[in-house]
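> Provided herewith is a single structure, encoded as structure tokens, for subsequent inquiry.
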Amino acid sequence: QQQVKQSPQSLIVQKGGISIINCAYENTAFDYFPWYQQFPGKGPALLIAIRPDVSEKKEGRFTISFNKSAKQFSLHIMDSQPGDSATYFCAARVLRTGKLSFGAGTTVTVRA
Amino acid sequence: DAGITQSPRHKVTETGTPVTLRCHQTENHRYMYWYRQDPGHGLRLIHYSYGVKDTDKGEVSDGYSVSRSKTEDFLLTLESATSSQTSVYFCAISPGQRRADTQYFGPGTRLTVL
């Protein structure tokens, strides 16, 4: 049973548009929420991460919004570019361990 | 890929045969992980290691074993491969278990069990 539920499975956005990916969890033992980006044929790479005591974190065009009471968090990609076309995974880390639970992934396609 | 190599990168094998995948790191990180990636499931932790000869199970450990005799090498063994173990396997490394300790992933091994 997937501990982190991610949606949508895929999305297509025009260049310059906003991509939004949502994740939800139930386990209150999660204490860290990273997002990974994966290009075809490559391993996932850390994109951005947030702690549960922060409601928003922004790095360049990428923003995480975190709602602790709703147990939901989301990734916003602003001004989407063709180079952002990749699969994005949300994840959650179990408190004081290195164990990550991943969402199923969202394939983002940015059309030029 | 942060000083991580996986071998082989591709393997095709038959049901019932043993298979060993190797992860090698040059970062001297303490923690190493094996994940499998399947469509619709994301990445799932198979086993991990928190030091030489120290390993523990992840969420999908049945049918897999691991060994770590040196800091730099973490081996994943399928004792008797089954078709359900067809997957892409990723190794990851991390210096610690603090929030700031990122997991860095290798390039992956695509395994097909016929």
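> I want to confirm something. Restricting to region A:41-63 and keeping residues that are of a type in the set (A, V, I, L, M) and farther than 26 Å from B:Val88 by Cβ, which single residue is nearest to the chain's Cα centre (by Cα)?
A:Ile50
> Residue check: is B:Gly3 within 14 Å of chain A (Cβ to nearest Cβ), under 16 Å from B:Asp73 (Cβ atoms) and modelled with pLDDT under 95?
Numbers: within 14 Å of chain A (Cβ to nearest Cβ): yes; under 16 Å from B:Asp73 (Cβ atoms): yes; modelled with pLDDT under 95: yes.
Against the criterion (within 14 Å of chain A (Cβ to nearest Cβ), under 16 Å from B:Asp73 (Cβ atoms) and modelled with pLDDT under 95), B:Gly3 qualifies.
> Working only within region A:76-112, note down all residues that are under 22 Å from A:Gly43 (Cα atoms) and away from chain B (no Cβ under 14 Å).
Looking only at region A:76-112, we keep the residues that are under 22 Å from A:Gly43 (Cα atoms), and these are A:76-77, A:80-94, A:97-110.
Scanning region A:76-112 gives A:His76, A:Ile77, A:Ser80, A:Gln81, A:Pro82, A:Gly83, A:Asp84, A:Ser85, A:Val108, A:Thr109, A:Val110.
> Which condition from (1) free of Cβ contacts under 8 Å to residues at least 60 places away in the same chain; (2) buried (at least 16 other Cβ atoms within 10 Å of the Cβ); (3) more than 13 Å from every other protein chain (Cβ to nearest Cβ); (4) in a loop (DSSP other than H, G, I, E, B) is the one that A:Ala70 breaks?
(2)
> Then there's this: Which residue pairs have Cβ atoms under 6 Å apart, sit 6 or more places apart or on different chains, and have a first residue in region B:43-67 that is without any contact (Cβ under 8 Å) to a residue 12 or more places away in the chain and within 13 Å of chain A (Cβ to nearest Cβ) and a second that is part of a strand (DSSP E or B) and among the basic types (Lys, Arg)?
So the pair list comes out empty.
> I would also like to ask the following. Would you call B:Val60 assigned to a loop (DSSP other than H, G, I, E, B) and among the β-branched types (Val, Ile, Thr)?
Values: assigned to a loop (DSSP other than H, G, I, E, B): yes; among the β-branched types (Val, Ile, Thr): yes.
So B:Val60 passes the test.
The values are calculated or read from the model by the stated rules, or taken from the named source; none is laboratory data. Quantities reported herein were computed from a predicted structural model and do not represent experimental measurements. Cβ: placed from backbone, ideal geometry, glycine included. Neighbour counts: every protein chain shown.
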